[in-house]
Amino acid sequence: MKLIETPLNSNVNLETLYPNLTKYFFDKRQAVKLLKLYAYDRTKIIYADRFDTIDLLLLNRKRKISHEEVDTIIHRLLKVDREDVVVNVGYKKQIMEAGMRPKESYKDIIAVEYKVPKE
């Protein structure tokens, strides 16, 4: 499968595309240096590069995201192994318990956090 970068227009507002998800994902965190959107099969990926961490939010409306897919996305985007990142497979449950309801229904939402090593 291909990992495709979705082009962003300068006037796109991520909060408009994913209102409740991004509110919870970006709330009380450091500013975002670089933001990209990717697609891997039917999984949408929000790539947020902060100054000390890189966060990925994996979203799929049709089915659960497999372990192999998560590993492939981590390897292709971050160029590291799964052991070097923190994978939160219960992220959908976590945002539901926080009272956030996504605008659209998702079968699976996974968050990945990678601490960038200091140079």
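The values are calculated or read from the model by the stated rules, or taken from the named source; none is laboratory data. This structure is a prediction, so every number in the text was calculated from the model and none was measured. Virtual Cβ from ideal backbone geometry, glycine too; neighbours counted across all protein chains shown. Quick note on the areas: whole protein, heavy atoms, side chains included, nothing else; ligands and nucleic acids left out. Shrake-Rupley method; radii C 1.70, N 1.55, O 1.52, S 1.80 Å.
Observations
- Annotation: per residue accessible area for region 28-119 equals 60 Å², rounded to a whole number [probe 1.4 Å, protein chains only].
- Magnitude of the charge dipole, region 41-87, Cβ model with Lys/Arg +1 and Asp/Glu -1, debye to 20: 460 debye
- Peptides 51-59, 32-40 ordered by packing proxy, namely the average of other Cβ atoms within 10 Å per residue, highest first: 51-59, 32-40.
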